[in-house]
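The values are calculated or read from the model by the stated rules, or taken from the named source; none is laboratory data. Only a predicted model underlies this, so the values are computations on that prediction, with no experimental measurement involved. Virtual Cβ from ideal backbone geometry, glycine too; neighbours counted across all protein chains shown. Protein only, heavy atoms only, side chains kept; ligands, DNA and RNA dropped before computing areas. Shrake-Rupley method; radii C 1.70, N 1.55, O 1.52, S 1.80 Å.
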Amino acid sequence: MKFSIQINEGPYQHQASDTAYQFAKAALAAGHEIFRIFFYHDGVNNGTRLAIPPQDDRNIVALWTALAKDNDLDMVICIAAAQRRGLMDADEAKRQGLDADNIAEGFRISGLGQLIEAGIEADRLVVFGA
Amino acid sequence: MAIKKFMYVNRKPPYGTVYALESLEVVLIGAAFDQDVSLAFIGDGVYQLTKGQNTEAIGQKNFSPVYSALGDYEVTKIYIEKESLEERGLTLDDLQHLVWEDEDEDYAEKDSIRLVSRAELADVMAEQEIILSF
């Protein structure tokens with residue numbers, strides 16, 4: 001089956017991202033395809049490369065980056081949600097005249113149309129959080 | 001591109017969290033994809049459509065006028081759960097009157113709001129292919 005995944009909550013505060021990660025891993029292990037993972041609302045915070053959790057805890061951002069790399073996943077952060085929360089890729093930072101960017105490897109920033117398309121193209125859109 | 005039945009389920013009050021506003025943003029962007037779209041307002045989500053919202057005292061943008069533009073985006077099916085209104089002491093008169101213009105009938109103005117029972121809404125939900133819940 002072809003899945004799309006939407007994640008609506010940020011890391012640590014809420015378990016949504018952890019559960020989505022476990023779901024994605026299990027789905028891939030079972031031979032399913034993941035069309036896209038879309039991060040919305042505070043879920044965009046899962047894509048910051050500046051998160052440094054304590055060493056004895058899971059690093060959620062790094063887990064996503066590794067999973068994406070190993071499985072060639074398309075992980076999209078909503079631009080509208082990201083901008084109001086201070087998530088910025090290098091191109092956008094430059095365009096906005098900002099002195100920093102903070103998107104982790106494996107994530108890209110794009111529009112809400114990518115969420116709608118993810119729903120249209122997948123057999124199932126599974127939503128985590130909110 | 002395939003046409004799917006999309007339902008946006010709005011469950012939260014308009015202010016207090018950002019879900020209502022960011023749900024509306026998805027609906028407006030999603031309208032460009034020509035899908036079969038409907039909205040549902042249940043629980044505290046019914047407060048999103050109340051008339052006369054004034055956000056001055058909380059220092060936030062009042063985005064409620066945007067709902068009246070949904071008809072122009074061809075979002076014409078807005079389900080309101082009857083029990084949710086009643087549980088909150090509200091009636092349809094407390095909500096904005098949302099309409100759309102039917103091109104096929106000389107742009108006749110039609111009601112977008114469909115007042116349905118909890119059981120009826122469950123049936124409508126069962127027909128959907130994509131449910132985005134906010």
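Taking B:35, B:60, B:96 in turn, the Gaussian network model of chain B (Cα-Cα springs below 10 Å) assigns the largest fluctuation to B:60.
What does DSSP give for chain B in terms of the percent of beta bridges that are antiparallel, rounded to the nearest 5? Spell out each step's value before the answer.
Numbers: 5 of 22 bridges.
Antiparallel bridges make up about 25 percent of those DSSP assigns within chain B.
Going by the alpha-carbon gyration tensor, a ≥ b ≥ c the square roots of its eigenvalues, is the range B:5-133 rounded (a/c under 1.5) or, if a/c is not under 1.5, prolate (a/b greater than b/c) versus oblate? Rounded.
Pairs with C-alpha atoms separated by more than 28 Å, drawn from the list B:12/B:51; B:51/B:82; B:4/B:82; A:25/B:61; A:94/B:4; A:2/A:69, are A:25/B:61; A:94/B:4.
Remark: spin-label model distance residue A:124-residue A:91 equals 3.3 nm, labels positioned 7 Å along the Cα→Cβ axis. Using a 1.4 Å probe on protein heavy atoms, which residues of the range B:90-134 have at least 10 Å² less accessible area in the complex than alone? Listed in order, they are B:130, B:131, B:132, B:133, B:134. On association of chains B and A, roughly 1700 Å² of accessible area becomes buried (total for both chains; probe 1.4 Å).
Projected label points at residue B:33 and residue A:98, each 7 Å from Cα along the beta carbon direction, are separated by 2.6 nanometres. Using a 1.4 Å probe on the heavy atoms of the protein chains only, list every residue of the range A:102-120 that has 50 Å² or more less accessible area in the complete assembly than in its chain alone. Residues losing area: A:112, A:116, A:120. When the accessible area of each residue in the range A:36-79 is compared between its chain alone and the complete protein assembly (1.4 Å probe; ligands, DNA and RNA ignored), which residues differ by at least 30 Å², being lower in the assembly? Listed in order, they are A:40, A:41. Using a Gaussian network for chain A with springs between C-alpha atoms less than 10 Å apart, which of these wobbles most: A:51, A:26, A:80? Answer for the Gaussian network model of chain A: A:26.
Using a 1.4 Å probe, what is the accessible area per residue for the protein assembly as shown, in Å²?
Normalised by residue count, the accessible surface of the protein assembly as shown is 49 Å².
The GNM of chain A, with springs linking C-alpha atoms under 10 angstrom apart, assigns the highest mean-square fluctuation among A:39, A:107, A:23 to A:23. Sparsely packed loop sites in the range B:73-124 (the chymotrypsin sites (Phe, Trp or Tyr not before Pro) outside DSSP H, G, I, E and B with at most 16 other Cβ atoms within 10 Å) comprise B:107. Bridges between two residues of the protein assembly as shown, per DSSP, are antiparallel at a rate of about 15%.
Below 9 angstrom from the Cβ of residue A:93, what's the summed charge of the other residues (Lys, Arg +1; Asp, Glu -1)? Neighbourhood net charge equals -3.
From the Cα gyration tensor of the protein assembly as shown, with a ≥ b ≥ c the square roots of its eigenvalues, which class applies: rounded if a/c is under 1.5, or else prolate if a/b is larger than b/c, or else oblate?
It is prolate, given that a/c is not under 1.5 and a/b is the larger ratio.
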